[in-house]
Amino acid sequence: MKHKILNCPIFAVIALSFVFCVASCTKTEYRTVEDPAYIRVFNNLTYTLTLDNKEEAQPFFCMFIDPEFDASGKPIGGTAIGDFLDKRNIYAAPNAAHAGLSTSKYNPEYPGKELVPTAPILNGFDLTNWAQVPAGKRRFLFMARPISSVPFSQLPDEQQRKVFLDTIIDLSSREVYTLHILQKDFKTKENGLYVRQETFHKQAFSDTLTYVNFYNLSAKGFLQADLGQKLPVPGTTRSLRYGLLDTMNIFITHIQPSVNAAGATVQQRIPNFSYQYAGQMQRNIDAPKVTPYYGFPIFLQNKNKVYSDTWQYIQFFAPAIDPRTAVSYLEPPSVPGGLTEPAVKDGTFGYILMDHTQYAPSYYLNTFFPGLTVNVHSGTANPRTFGVVNSIEVVNGNAFLTTVQRKYPQPIY
C-alpha cells in the first residue's frame, strides 16, 4: 500500500490547521499489477552462527525486487520490498501469515505479513499466500541485515550495504512460483535462488483426495560432511541431520485410531493403504521441476462423513530396500508395541523412517507436521476435513511442509 499526499494550500500557519489539512488531504492508493506473476519466497538458510561458521552471513534479509539505489549505491526502494525475512517455519500453513495474532515484525516468508497485492483464487485454490509482481525479467536483491526489529532503511549506513544474493529471473505472466534462498554447496557455502514454477493449480485433482509430493533441496556435499557440521535447527526434524541419498524411495502407511476390545484407543494401519509406494525423491536444486503428486483418500469417519482423524507414517528408503518385504522395517521401534499403542504424543503427528544402507540401525524421527489434510469450520460442520495439496521439502537435515488449500464453503453459525 502507498500513500499520496495531495497539494493543499495552507494560508493560516498554525499547528492545528496544518495537521487538519494534511490529514484531510491524504488519500490511500491501492497498488494493482496489470500483468502479474505470483511469487512466494522462503528463506531456507536455517543455520545458526557459531564459532565454526561465524564468517557466514546472518540468515536474515531485506529483499528488494527491481531495486532502486541512491547516489552512493545503497538500495532505497524498488517494485517491492520484503524486510525482516526470517528463517522459514517448519509448517507453512494454507492461510496467510498476516492473518495470525503475531505482533513480531519477523516474517517467515514473503509475502507473509506484508500487505501487498496477492494472487486470486485459481482453479479453486486459495493463493493469498502468493504476492503479485510484474511478469517479465525481475531483479531480486537480498541484503543481509542484523536480526532486530529496526527497519532496513533505519539501520546504520554500513549495515545497509551487505549484499547476500543478487540475481535476475524471468517470470511468466499469471504463473505461480515458489522461490527458495538455498545453500547450493555445503563445503564452499555457495548460495543461490531456487525458482520452481508450480503446476498444482493446473492439475485435475479430485475433491475427495489429498495430495503430497516431495523434494530434496539439500546442498551438494551435505550427506558426505562430518556429523559434527550438521547442526539441525532446535525443535525440527533432528534425525534427518544424517542426510539423505540423492535418490530415495518413499512409502506411506495410513494410520487410523480405533477402540480395541478393552476399550482403549489404539493406532492401526488401514489394511489396503499400508506401505504404499508414493514415488521417488531425487536431490535436485539446479534444474527445478514439479515432482509427481501422490494422492490418497481423506478417510472420513463412518459416523458423520465429514471428519477424519487419520495420520500418515512416511518412510524414506534407499532404492535397494522395500519395506513391504524387509520385515525389520515394518514397525517404528520408538513406539512401544509398534502401532498397537498410542503413537501421537506431545504434539507429534507422525513418523518418518529413513535408511541409507550405510547407517545402522535405521533412524526414526518425529515430525511436527499437522496431518496432510485440514480441519476447519465449514457449513454447519465444525470441524470438517478437506483434502489439500502438500509439499514436503528436505533441506540440509530439516523437513518442511507447505500446504495449499482449496476453496471450501464458509462456516454457518
#### Entry: Residue exposure sequence - R174, R196, R40 - by fewest surrounding Cβ within 10 Å
R174, R196, R40
### Task
Evaluate the charge dipole of segment 137-250 about its Cα centre and quote only its size in Debye, nearest 20, assuming +1 on the Cβ of each Lys and Arg and -1 on the Cβ of each Asp and Glu.
140
### Pairs of lysines in segment 26-202 (C-alpha under 15 Å apart; 8 or more residues apart or interchain)
6
#### Entry: Charge dipole (debye, nearest 20) of segment 26-202; +1 at Cβ of Lys and Arg, -1 at Cβ of Asp and Glu
220
### Summary
The residues D166, D70, D126, sorted from fewest to most surrounding Cβ atoms within 10 Å, come out as D70, D166, D126
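We did not get these values from a lab; they are worked out from the coordinates using the rules stated. What you see is a predicted model; the values in this text were computed from it and never measured. As a convention, Cβ positions derive from the backbone with ideal geometry for all residues, glycine included, and neighbour counts pool all protein chains shown.
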